[in-house]
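The structure under discussion appears below in the form of structure tokens.
The values are calculated or read from the model by the stated rules, or taken from the named source; none is laboratory data. Everything numeric in this text was worked out from a predicted model, so none of it was measured. So basically every Cβ, Gly included, is an ideal-geometry build from the backbone, and we count neighbours across all protein chains shown. Accessible surface is based on the protein model in full, side chains and every heavy atom, while ligands, DNA and RNA are left aside. Shrake-Rupley method; radii C 1.70, N 1.55, O 1.52, S 1.80 Å.
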Amino acid sequence: MNTKRLILLLGGINLALYAYLYQYEPIQGFWLDFLLDVEFPLWALLSTYWLYRVAQAYQPGEKPRLIWLTFASGLGVWSLAELIWMYLDLVPYADSPVPAITIADIPWFGGYLFFFVSFWLQYVRLKRGNLSALRHRFMQGVLFIAIVTTLLAWLLQRSGSDLPLWQLFILAFYPVADLALGIAALRLWRSFGRGRWVYPWIGLLAFVLGDIPFTLLGAFDYLQEEPWLLLADLTYLAAYVLLAYFCYHLYALFYSEDDALV
């Protein structure tokens, strides 16, 4: 079995184990919460490591090195966010739900800054057109994210959410940014030979489905019950598994000859 299939197999086992632990609680207290929470930063750190190693495959000064180092930095910041959220869930909020917006949202939100910079560097490198025209298209994408995020936050508020608008804006931003980056990457993928360099960007598309449940759970208290909580956790964990899978695809091109041929 090659490593790519092994990652998917382990991811499937991880999802099944998560559901089992969540539903049947064979252990109680701190260690149950720890086993459930630690899955997310582990997959995030794996993705970070593989893209960092991709960046190291290039020589200093080569443009792809900066592209993937910036992307890996975004994933590293996300890993930090997952670790912060795990701490919040295990310690200060061990006996109560973690609030919808916490300090962990600072690195979560900040991670997208790295992704946007990385995508801009990739976009300019592949398009090789007039820089002013490229900048105009990129700003159109940023404007699209701002408008759709604001509209979605307003709709959530009109639908009965008790959260202030600025918190709803943060919750709405995540799936919109995932979708925008993923669609933009797919367009470049079609234009430039469907190369595997774009796989990590496609992996971000999985977070559209992963972030939507958490956006709704954060916005509406009445959804904080089963089966919505388990569904949200499983879709979010599945998004990390798929992201790690796609990051390994790129890593395999440089460090695993057998996997690179598959």
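Ranking Gly203, Leu231, Gly11 by Cα position along the charge dipole of segment 3-255, where only Lys, Arg, Asp and Glu carry charges on their C-beta atoms, puts Gly203 farthest toward the positive end.
Sorted by accessible area with a 1.4 angstrom probe, largest first, how do Lys63, Lys4 fall? Spell out each step's value before the answer.
Working: Lys63 140, Lys4 10 Å².
Sorted descending by solvent-accessible area, the residues read Lys63, Lys4.
For Ile202, Ile13, Ile106, the ranking by accessible surface with the largest value first comes to Ile106, Ile13, Ile202, using a 1.4 Å probe.
Once you have the Kirkwood Rh of segment 3-255 from its Cα pairs, apply Stokes-Einstein at 25 °C and 0.890 mPa s and quote D in µm²/s. Numbers along the way, then the final one.
Working: Rh = 19.1 Å.
Taking Rh from Cα pairs, D becomes 129 µm²/s.
Loop-located trypsin sites (Lys or Arg not before Pro) in segment 44-132 (DSSP state other than H, G, I, E, B) with a sparse environment of at most 10 neighbouring Cβ atoms within 10 Å: Arg128. Once the Cα-Cα distance is subtracted from the 0.36 nm per residue extended length, the Leu17 to His136 segment shows a gain of 38.2 nm. Rounded to the nearest 10 degrees, the angle from helix 105-127 to the longest Cα principal axis of the chain is 20 degrees.
Accessible surface comparison of Met86, Met139, probe 1.4 Å, protein chains only, largest first: the order is Met139, Met86.
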